[in-house]
Structure formats: structure tokens, C-alpha cells
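Beneath this line is the structure, given in C-alpha cells, with notes to follow.
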């Protein structure tokens, strides 16, 4: 064996053995510390920014906990728990109603409402007609033949099924009963039916978008870089995502932007049936969090949720454009962990 | 008879026997993983498997995956063979830099590759704009899939072809030249046929890499859905029961293609 090979062999051996040593050292030094815990948090893509900040604060205070954030569309997050049997410690959804409708009673028995949001139409300075668009003409601009716009997959992401809801609500708000047909039905296989004043929107498994006008991706945050790069003119997002990513956005009337509890009855006239056959009514956008019943580390999960609903979390959500609910609401205060009760109010 | 020959030759080589046993571990690892998936589908979820065989969306996405990857491999061959030959035969300033560039797609995270490709090839991108004017659109189209697959798979082809050309003794070309063959005649009739095994094996690897690509494709072309996009989509909407059968069908189709190519490349040439 020549010298070069020898050096190579030695360095490979060192690399292989190194982890053993580091293990010894750390276990010697931190003997009194609790067992390391990995906290798996499944959360809506739109919570990525605030949750990363909360993670940093939390891990600074609890160094033995490794928080693993796993963002995805909210429906996909819930499905990981109820379909695939993945054991997660926390589930945070962009639509709190998913917890009672999909997870209770088998996988959860309580949920906390901690922040709200609203739907906006985002764009960048490169977007076509960016200098023209406003809250009164956005639907005419999206109708134009040379405009490319996008929303996320309604079958996977609440931001995705809220988009057709907003567009349906716009018909009554702007007095134009062609908006939904022109923007949604003519560009995709999604369709709406009226039943005595209520609208039921169906989103088939194959959405068949006309990709010359309409782009669809798994989750709404996937669209952000496409808008910033100039590959898309407009994308439907939550206002928080727009604020966090520096996108320009059109703010829509409260009667259609799904932000206001005062309009809950109007929103409720529209519902979406996704491809799994489940129906979701349009509701004010309120984030919900729970600890699944099969969570491996439910004690540590409660500690993390405390950081979501205490002053630390409230400040972070405020900065990220997701108004926190103060105090946070809960469906059944008797069922939540004792340490959280002081922050909560029964709804 | 062949079995006896093989076992006899092994008995005479105890080291090969040991190597074979060690190698068996990794084969078992792969077989166990695949067997678990295939067994669960074919025996416990036969109905689900039958359903997807009748699902046009599934069949067309698997066909699309195999076809686009084939196109990507074809482009890699047309552009990669000349490059591989130059790299195998000549030393020049900056050669190592070029070789490093060839390897980069193997190491970049695929989402990063996808975003880079998107901003270049989107309708209003530097190159995408030009192609749109001649009628080729990459954004959410078949060509976007081909571009993403080409980006991640051509290193496998170029490296294999380079090894192939390097394994042909340059003196053979010189002999052909002294016998009156032109340079290109010598290349096409001597060097290329002698490296065909490497080239075919590189093409198979490149095709396979393309079929397995997901991260880069999904950024530039979510639609039309290739098999891996559809599998993840069905997994997210319908869970394992709806996604596993598609995965199994893809594995079976790829296995058949692999086997066919390997057998074909063994024969004559």
C-alpha cells in the first residue's frame, strides 16, 4: 500500500470512528440532562415562518428537545396521521375545522384556535397589469388571455380550496355571476352547483387545469418563488405568506376574504367537496393546533404549544402578518393539558 | 449445466464465495424492501391493483414517465457522445473544470435544480421565452419534464460513455487511419462499436435516473403528472392503499424494461 492510499484509509477509518467519540463526550458532559427528545410537528405550509421562530426560542430554553418541523398542505398533514399512521407530537392546521371533522374522536379530542389569516391575491412588480390591479378589477384582470395565475391544489391544501370559495363569493359581492365560470370552470374541471342559495363546489381528483392560464401546485407556498421569479403573474395566498415573502398583494373586501367572524354566515353559503368526498364549508380562516392522541411525547408537545399561545408566540405571529387570537380559544377546556389552561378561553 | 459450472468455479475460489455472501446482504436489503411493497399490493390489495390497471390517468402517467425519460436519454446521447469522446481522448486546459460541471447535477438538491430550471425555462425566462416563440413551452408541459430529467440524468450517461471510449486503445484508431480510414470512419466503425456496452449501460442508468426524478420535475411541470408526482398526490389524498399499487406497477414496468435492455445489450453487438 503506498503512502497516498494509507492516508486515505486512515482518514476513512477516522471518519467512521468519529461519531462514537462524539457520543462518548456528550454523554459524559450532560449526565444530569433529561433524555433527548425529538418533537415531530406537522404543520400547514403557511405556518413555516412563525413556527421556525418559535422553534428557535423553544430549543434555546429546552436544549434537550430537537423540534422537527414538517410543513405540508394541512389536509396532507392530517392524512399522515390518520391514513399513514405516522406518529406526530403536534398537528397545526391552517383550517381548524379539519381537526374536528377528520381527526376527532379517534385521533384527537381537543383543539386550540391561536391565530387568523385572510386570502389575498399576490403578485410582483414583474406581473402583467401590476400597475392596474386593485380590489375592484382583479377578476377582470385574471380573465385576460395573457395572464397566468395560480392557486394550490384544493384536494391537498386549504388555501387551495379556499380560492374557489373566494371566487364564488365574489360573484355576489361584485354583482357579476360569470366570475366563477370564467375563472374556475373554464380553466379546470372544478365546478359549482347552486342549491337554494347555497353553492357547492366540487374539486375532482384530476383538476385538468388549462396550463396556458392556470397553474396548480401542491401547496400555496410553492407558488411564491414562481411569482417572485416572474414565471407567474398572480397567485392566491394567505396575507401572512405575502407579508413574509415580500410579495405585493390585493386586499379583498371582508365579505369575501374569509377573515372576518362577522361574515361567517355569508361565507357558510359556499362549500367545497374535495376528491375524498368530504365537504368543507367556507369559514373564517382560523388556525388550529392539537396534540394527537397517539403522540409519543405529549408532555413536551404541551410545552411547545405553550410557546405558540403565550406572549412569545403572539409577538411572532403579529410580526408575520397572522393576527394572534388573544386569548386563544379551545373547544373543551377540560381536556387540554393543565399547564395550558391559563392561556385559554372556552369557545 | 451452467449452474454446476458456476458452483464449481466458486468452490475453487473461496474468496469469491465470501465476497458473494457479503454481497448477498445488499441484495437481500433491496429484495426485502421491494417484496414488502409488492407482496402487500399484489396479495393483500389485489382489487386496488386491478383498479389502477383500469385507470387511464395512471397508465398515461407511467407511459409519460417512461417516454419523457427516453427522450431525455436520447438527447443526452446525441449531445453526450461527442463530449465523452473528447474528454476520453484529449487532455486540455480546464478539462477538470468541465468534468466537475458534468458531475454537479448529481449533488445539487433536486428542488434547487428545479427552481433554477424554472427561472431559465419559464415562459418569460431567458431561454424559455425564445423557445416559446418557436412553439416549445416548458412550464407545465412535457418538455419541462424532459428538461428536468435531462439535467439530473446526463452525468450518468456522459461518465459511462467516457469510460467506454477510454477503454478503447487509441492505437486501434491509428491502425484504422493507417489503413486509409478517415477520422470519422475510424470513430464510427472502430471506437463506437467497441464502446457500445458502456454506452448502452450508461443510457440505461440515465433513463432509470430520469424515471425516478421527482424534485426537479415537480417545480417546473406539476402537470402533466409523471408517475412520481401522481404517486405522491394519491398518497396525500387516498393514502397508501391508492398510491402503493401505482408504485408497484411502475416498478414492474421498469424491471421489464431493465431486463430487456440488459439482455439485448448482452447479445452480439
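All of (1) crowded, with 21+ Cβ neighbours inside 10 Å; (2) more than 16 Å from the chain's Cα centre (by Cα); (3) assigned by TED's automatic domain parsing to the domain that holds residue A:272 hold for residue A:153 with one exception: (2). For the range A:151-209, the set of residues classified as in a loop (DSSP other than H, G, I, E, B), without any contact (Cβ under 8 Å) to a residue 60 or more places away in the chain, closer than 23 Å to residue A:226 by Cβ and touching a helix residue (DSSP H, G or I) at 6+ places or on another chain (Cβ under 7 Å) consists of A:190, A:206, listed by residue number. Here the helices (runs of 4 or more DSSP H) wholly within the range B:169-269 that include at least 1 residues being at pLDDT below 90 and within 14 Å of another protein chain (Cβ to nearest Cβ) are B:227-238, B:240-266. Taken over the range B:92-128, the criterion of being farther than 19 Å from residue B:217 by Cβ, within 14 Å of another protein chain (Cβ to nearest Cβ) and surrounded by 13 or more Cβ atoms within 10 Å (Cβ to Cβ) is satisfied by B:124 alone. For residue A:225, the conditions (1) within 14 Å of chain B (Cβ to nearest Cβ); (2) at pLDDT 95 or above are fulfilled apart from (2).
Within the range A:56-70, the set of residues being more than 11 Å from residue A:312 (Cα to Cα) and surrounded by 18 or more Cβ atoms within 10 Å (Cβ to Cβ) comprises A:65, A:67. One residue alone among A:290, A:274 is within 19 Å of the chain's Cα centre (by Cα) and outside the structural domain of residue A:161 (by TED's automatic domain parsing), and that residue is A:290.
Yes/no per residue for (1) surrounded by 15 or more Cβ atoms within 10 Å (Cβ to Cβ); (2) out of contact with any strand residue (DSSP E or B) (no Cβ under 7 Å at 6 or more places or on another chain):
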{"position": "A:235", "(1), (2)": "yes, no"}
{"position": "A:246", "(1), (2)": "no, yes"}
{"position": "A:259", "(1), (2)": "yes, no"}
{"position": "A:295", "(1), (2)": "yes, yes"}
{"position": "A:301", "(1), (2)": "yes, no"}
{"position": "A:306", "(1), (2)": "yes, yes"}
{"position": "A:325", "(1), (2)": "yes, no"}
{"position": "A:332", "(1), (2)": "no, yes"}
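Identification of strands (runs of 3 or more DSSP E) wholly contained in the range A:51-116 with 2 or more residues that are farther than 18 Å from residue A:296 by Cα and within 14 Å of another protein chain (Cβ to nearest Cβ) yields A:65-72. Applying the set (1) facing chain B (nearest Cβ under 10 Å); (2) within 21 Å of residue A:281 (Cα to Cα); (3) touching a helix residue (DSSP H, G or I) at 6+ places or on another chain (Cβ under 9 Å) to residue A:215 leaves exactly one unmet item: (2). Look at (1) surrounded by 18 or more Cβ atoms within 10 Å (Cβ to Cβ); (2) more than 26 Å from residue B:122 (Cα to Cα); (3) not assigned by TED's automatic domain parsing to the domain that holds residue A:342 and you find that residue A:94 fails only one, number (3).
The values are calculated or read from the model by the stated rules, or taken from the named source; none is laboratory data. Remember, it's a predicted structure, so these values are computed and weren't measured experimentally. All Cβ positions, even for glycine, are placed from backbone atoms using ideal geometry, and neighbour counts span all protein chains on display.
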